[in-house]
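The values are calculated or read from the model by the stated rules, or taken from the named source; none is laboratory data. These numbers come from a predicted model, not from an experiment. Backbone-built Cβ (ideal geometry, glycine too); neighbour counts: all protein chains shown. What goes into the accessible areas is simple: the full protein's heavy atoms, side chains included, and nothing from ligands, DNA or RNA. Shrake-Rupley method; radii C 1.70, N 1.55, O 1.52, S 1.80 Å.
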Amino acid sequence: MPIEFLSTAESPSWITRLAEHRGTNAAGTRAINTAAVIGAGVMGRGIAMANAQHGIAVTLSDTSEDALAHGVADLQTQVNPDLIRGSQAAEELAAADLVIEAVIERLPVKRRVFKKLEPLAHEQTIFASNTSSIPVTEIAAKLARPQNFVGLHFCHPVAERMLLEIVRGEQTSDETIAVAINYARAIGKRPVVVGDSPGFVVNRLLTPYLNEALELLLEGAEVGAIESVASGFGMPVGPLTAIDAIGIDVALRAGTTIYDAFPERVVTSELLLMLFQSGQFGQKTGSGFFQYDGNVGGGTLSHSAEQLIHERRRERRAFSRDELTARLILPMLTEAELVLEAGLVASPHDIDEALIHGIGFPEATGGLLRWADGVGMATILEMLRPLRRLGPRYVAGRQIEALAAAGRGFYQ
């Protein structure tokens with residue numbers, strides 16, 4: 001079998017066309033001058049701010065008048081107030097060049113937003129979802145103009161993460177993708193175009209990393225050791241802190257979507273479910289895996305999390321730093337191999353760009369796949385061998401096997 005990934009000859013046609021837009025401004029593509037953001041929560045406000053900071057006038061909306069008023073007031077103290085306004089009028093929202101939905105991660109809710117606004121919009125209006133895991137083709141399924149629909153997945157926190165994951169649905173047009181690429185650059189983001197699949201690239205690869213941390217807790221690893229190893233590897237925060245920052249509710253919904261698609265590769269966590277059921281969603285509620293004063297974490301394990309870990313722990317043993325590193329990083333790598341094989345990105349570089357600028361994967365490594373190249377495919381196989389007992393997430397695919405046999409890497 002060929003070792004190279006997605007040569008021009010074997011790439012999906014949209015990936016071949018995408019090469020025309022790399023490093024260019026796609027001359028002749030229309031610009032986005034106005035945007036509407038539906039949802040005044042943390043993500044919605046972050047998206048609105050990113051637009052206003054780069055001169056794009058934004059109309060923010062929310063079904064809650066209080067949330068909307070608070071969101072607009074907050075934003076107007078941080079950016080040019082003339083570029084931010086609030087409205088609940090569908091006609092005003094639909095008049096924007098770009099309408100971005102940032103509401104709860106539930107398919108029926110997202111569909112209702114676009115069903116209401118699309119009939120009021122002009123024919124060139126682009127509609128986008130900030131969904132983190134739901135396939136955009138499903139969201140756009142009942143629209144009259146699905147060719148104008150695209151996924152624009154901003155990563156949390158929006159101000160710090162430079163990635164904009166541009167998700168191409170089955171009917172998204174080339175023109176819409178070109179406009180989205182230019183828009184991303186106009187607001188200071190790094191666009192990576194990906195195919196439509198549950199979790200896309202960022203969350204599909206982030207999920208096994210976060211889930212494995214939860215499994216390690218139940219196998220006896222200490223919270224501090226897991227967080228320390230991740231930080232020592234170069235991640236911006238440990239995986240449990242990351243779950244709290246994302247929100248346990250959001251992590252659970254996104255993880256469920258990915259589990260439904262790939263049940264043999266995702267381990268569901270009772271810890272996450274039980275914290276969710278107790279109403280502890282992380283930083284936003286002041287308690288998750290850690291206890292928070294406002295939105296500032298003190299590094300103190302919450303009583304509920306500590307109790308749950310104690311009650312549910314299956315065993316207790318010491319893990320070396322190398323073991324913890326392998327457990328956290330290798331499931332991401334085997335999943336990345338499947339993303340490449342499925343043709344969801346144009347090249348290994350896109351995966352590394354997405355992880356560096358989307359979740360803060362250590363830039364010094366060059367990204368997940370360059371890290372693997374540096375370790376060596378033969379060594380990666382040796383690292384995976386004793387972990388195969390844990391299931392498919394620790395089993396290398398044919399590409400890694402072939403690269404190891406040839407003494408090559410993803411980039412060679």
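Projecting label points 7 angstrom from Cα along Cα→Cβ for Ala90 and Thr268 puts them 3.6 nm apart. GNM remark for the chain: springs join alpha carbons under 10 Å apart, and the peak mean-square fluctuation among Arg317, Arg393, Arg112 falls on Arg317. Legend: calculated FRET efficiency, Asp293 to Gln412, from the Cβ-Cβ distance at R0 = 56 Å, rounded to 0.05, equals 0.70. Starting from the Cα of Ser228, step 7 Å toward the Cβ, then list every residue of region 321-337 with an amide N under 11 Å from that point. Output list for this probe position: 321.
I want to verify a result. In a Gaussian network model of the chain, Cα cutoff 10 Å, which of these has the top mean-square fluctuation: Val103, Val37, Val113? Among Val103, Val37, Val113, the largest mean-square fluctuation in the Gaussian network model of the chain belongs to Val113. What is the antiparallel percent of DSSP beta bridges lying wholly in the chain, to the nearest 5? Counting DSSP beta bridges with both partners in the chain, the antiparallel share is about 25 percent. Each peptide among 247-255, 218-226 gets the average number of other Cβ atoms lying within 10 Å of its residues, and from highest to lowest they stand as 247-255, 218-226. Distance between the modelled labels on Asn80 and Arg190, one decimal in nanometres: 2.8 nm (7 Å Cα→Cβ projection). When both region 358-412 and region 96-119 are represented by their alpha-carbon centers, they are found 39 Å apart. The structure-derived value of Rg/Rh (Cα atoms, Kirkwood Rh) appears in the list [x] 0.97; [y] 1.08; [z] 1.02 under the label [x]. Among Glu123, Glu92, Glu341, the largest mean-square fluctuation in a Gaussian network model of the chain, built with springs joining Cα atoms closer than 10 Å, belongs to Glu123. Its relative contact order, with pairs defined as Cα atoms under 8 Å and 6+ residues apart, puts region 214-283 at 33 percent. Ranking Val339, Val375 from most to least accessible surface, computed with a 1.4 Å probe over the protein chains only, gives Val375, Val339.
Dipole check for region 297-412: with +1 at the C-beta of Lys and Arg, -1 at the C-beta of Asp and Glu, and the Cα centre as origin, the magnitude is about 640 Debye. Projecting the Cα positions of Val229, Ala121, Leu107 onto the charge dipole of the chain (unit charges on Cβ atoms of Lys, Arg, Asp and Glu, taken about the Cα centre) puts Leu107 furthest along the positive direction.
Distance between the C-alpha centres of region 193-258 and region 150-169: 17 Å, rounded to the whole angstrom.
For His54 and Val395, the difference between the fully extended length at 0.36 nm per residue and the C-alpha to C-alpha distance is 118.3 nm.
Surface composition of the chain: carbon and sulfur make up 51 percent of the accessible area, probe 1.4 Å. Tell me which DSSP H helices of the chain clear both cut-offs, 24 Å or more of axial length from alpha-carbon atoms and a mean Kyte-Doolittle hydropathy of at least 0.5. Span-like helices here: 202-218. Measuring from a point 7 Å past the Cα of Glu311 along Cα-to-C-beta, which residues in region 195-214 have an amide N at less than 19 Å? From region 195-214, the list is 214.
Report note on the peptides 170-182, 61-73: ranked by the mean count of other C-beta atoms within 10 Å, highest first, their order is 170-182, 61-73.
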